[in-house]
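S.K.: Quick one: this structure, given as structure tokens, is what I'll be asking you about.
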Amino acid sequence: MTVGGVAVLVAGAALLVAALCVLVRAVVGPTVLDRVVALDALVVVLVAAFGLEAVARRDATLLPILVVLALVGFVGSVSVARFAAKDSR
Amino acid sequence: MSVGEVAGVVADVLAAVCVGLGILLALVAALGVLRLPDVLTRLHAAAKPQALGIVLVAVGVGLALRTPVVLGVVVLVVVLQLVTAPVAAHMVGRAAYRTGKVDRDLLLVDELSRLRGPEEPEGGLPDGCVVVDEPDGDAGRPGRGADRG
């Protein structure tokens, strides 16, 4: 296996660990705002994963997904934060 | 090896370094989101890679692919993130404060508090703080008041 292949594997493993940590926080909560923060971090992990894929394969097919992720993450967290109530879990 | 080929190799190495750093930032942020104690600290940890991490990954993608279309997409992603991430983090922080999800004991300075009654710090208020008289007893608490939004 080439050096580049090993580097891509290591980076992918780091992203997997990051996504698992963030998912645990999103499931555990305890409040809805913790989940929003965790899902925002998950969007960052996803953007990094798509960037890694594009660099590793030298293929720009999936790059528009980055734009979509950036926008959807923003709209999602803002709308949840806007309607967060005192006892929302 | 021509100058162009050397430049290409250098760009590839720089791209790998940039994407690697961005992924490292995402990992650190994920650990912070998992380990830190309350909403505001988790927000603090999660907001760093939303700006710097995505910029690094985007620069890496641009350096690796080097076509005008990719550069346009990458610049669009970076601009969108830099504009929207602080707004989203700010709104989540405000919502956390106003719905009472912030642990006052963990705060060093609370600039949103009205500084009345038991919340007034010992030894008087810091310079520049003003005590606001609220006719409504609830108005000083987070989550209430007419300025919500």
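S.K.: Right, A:VAL27: more than 9 Å from chain B (Cβ to nearest Cβ), under 17 Å from B:VAL33 (Cα atoms) and either in a helix (DSSP H, G or I) or of a type in the set (Val, Ile, Thr) (or both) or not? Write out each step before concluding.
M.R.: Working: more than 9 Å from chain B (Cβ to nearest Cβ): yes; under 17 Å from B:VAL33 (Cα atoms): yes; either in a helix (DSSP H, G or I) or of a type in the set (Val, Ile, Thr) (or both): yes.
When the stated conditions are applied, A:VAL27 passes them.
S.K.: Could you list, in sequence order, all residues of the stretch A:40-72 that are facing another protein chain (nearest Cβ under 7 Å), over 11 Å from the mean Cα position of the chain (by Cα) and part of a helix (DSSP H, G or I)? Walk me through how you get there before you give the answer.
M.R.: Going residue by residue through the stretch A:40-72, those that are facing another protein chain (nearest Cβ under 7 Å) are A:40-41, A:44-45, A:47-48, A:51-52, A:54-55, A:58, A:60, A:63-64, A:66-67, A:70-71.
So of that shortlist, the ones also over 11 Å from the mean Cα position of the chain (by Cα) come out as A:51-52, A:54-55, A:58, A:60, A:63-64, A:67, A:71.
If the condition is that a residue be facing another protein chain (nearest Cβ under 7 Å), over 11 Å from the mean Cα position of the chain (by Cα) and part of a helix (DSSP H, G or I), then A:GLY51, A:LEU52, A:ALA54, A:VAL55, A:PRO64, A:VAL67, A:LEU71 are the ones that fit.
S.K.: What residue, among those in the stretch B:62-73 that are crowded, with 20+ Cβ neighbours inside 10 Å and more than 8 Å from every other protein chain (Cβ to nearest Cβ), is farthest from the chain's Cα centre (by Cα)?
M.R.: The initial filter retains those residues of the stretch B:62-73 that are crowded, with 20+ Cβ neighbours inside 10 Å, namely B:62-65, B:73.
In the following step, the residues that additionally are more than 8 Å from every other protein chain (Cβ to nearest Cβ) were identified as B:62-63.
Working: B:GLY62: 24, B:LEU63: 26 Å.
Checking each candidate, the answer is B:LEU63.
S.K.: So, one more: Output the residues belonging to the stretch B:79-113 that are within 9 Å of chain A (Cβ to nearest Cβ) and basic (Lys, Arg).
M.R.: Selection gives B:ARG94, B:ARG98, B:LYS101.
S.K.: Criterion first (at negative phi and surrounded by 16 or more Cβ atoms within 10 Å (Cβ to Cβ)) does A:ALA56 satisfy it?
M.R.: Considered against the rule, which asks whether it is at negative phi and surrounded by 16 or more Cβ atoms within 10 Å (Cβ to Cβ), A:ALA56 comes out as yes.
S.K.: Looking at the stretch B:37-96 only, could you name the residues that are touching a Lys or Arg at 6+ places or on another chain (Cβ under 7 Å) and touching a residue at least 60 places away in the same chain (Cβ under 8 Å)?
M.R.: Within the stretch B:37-96, B:VAL39 is the sole residue that qualifies.
S.K.: Kindly establish whether A:VAL37 is at the interface with chain B (Cβ under 7 Å from one of its Cβ atoms), in a helix (DSSP H, G or I), of a type in the set (A, V, I, L, M, F, W, C) and within 27 Å of B:VAL79 (Cα to Cα). Walk me through how you get there before you give the answer.
M.R.: Values: at the interface with chain B (Cβ under 7 Å from one of its Cβ atoms): yes; in a helix (DSSP H, G or I): yes; of a type in the set (A, V, I, L, M, F, W, C): yes; within 27 Å of B:VAL79 (Cα to Cα): yes.
Yes: the conditions hold for A:VAL37.
S.K.: For the stretch A:20-31, enumerate the residues that are surrounded by fewer than 20 Cβ atoms within 10 Å (Cβ to Cβ) and either in contact (Cβ under 8 Å) with a residue 12 or more places away in the chain or touching a strand residue (DSSP E or B) at 6+ places or on another chain (Cβ under 6 Å) (or both).
M.R.: Taking the stretch A:20-31 first, the residues surrounded by fewer than 20 Cβ atoms within 10 Å (Cβ to Cβ) are A:20, A:23-24, A:26-31.
Of everything in the stretch A:20-31, those that are surrounded by fewer than 20 Cβ atoms within 10 Å (Cβ to Cβ) and either in contact (Cβ under 8 Å) with a residue 12 or more places away in the chain or touching a strand residue (DSSP E or B) at 6+ places or on another chain (Cβ under 6 Å) (or both) turn out to be A:LEU23, A:ALA26, A:GLY29, A:PRO30, A:THR31.
S.K.: Among residues belonging to the stretch A:1-18 that are facing chain B (nearest Cβ under 7 Å) and of a type in the set (Gly, Ala, Ser), point out the one that is farthest from B:ASP12 (Cα to Cα). It would help to see each step written out before you state the result.
M.R.: As a first pass, look at the stretch A:1-18 and keep what is facing chain B (nearest Cβ under 7 Å): A:7, A:11, A:14-15, A:17-18.
Now narrow it down to the ones that are of a type in the set (Gly, Ala, Ser): A:7, A:11, A:14, A:18.
Working: A:ALA7: 13, A:ALA11: 16, A:ALA14: 21, A:ALA18: 25 Å.
Only one residue fits best here, namely A:ALA18.
S.K.: Related question: Taking the condition facing chain A (nearest Cβ under 10 Å) and under 20 Å from the mean Cα position of the chain (by Cα), does B:LEU76 pass?
M.R.: Details: facing chain A (nearest Cβ under 10 Å): yes; under 20 Å from the mean Cα position of the chain (by Cα): yes.
Here the answer is yes, as B:LEU76 does meet what is asked.
S.K.: Mind listing whichever residues of the stretch B:29-52 are among the small types (Gly, Ala, Ser), facing another protein chain (nearest Cβ under 7 Å) and over 16 Å from A:PHE74 (Cα atoms)?
M.R.: Pass one, the stretch B:29-52, residues among the small types (Gly, Ala, Ser): B:29-30, B:32, B:45-47, B:51.
Add one more test, that the residue is facing another protein chain (nearest Cβ under 7 Å), and what stays is B:29-30, B:46.
Listed by number, the residues that qualify are B:ALA29, B:ALA30.
Every number here is computed from the coordinates shown, using simple stated rules; none is lab data. Please read all numbers here as calculations on a predicted model, not as lab measurements. Cβ coordinates were reconstructed from backbone atoms using ideal geometry, including for glycine residues, and neighbour counts include every protein chain displayed.
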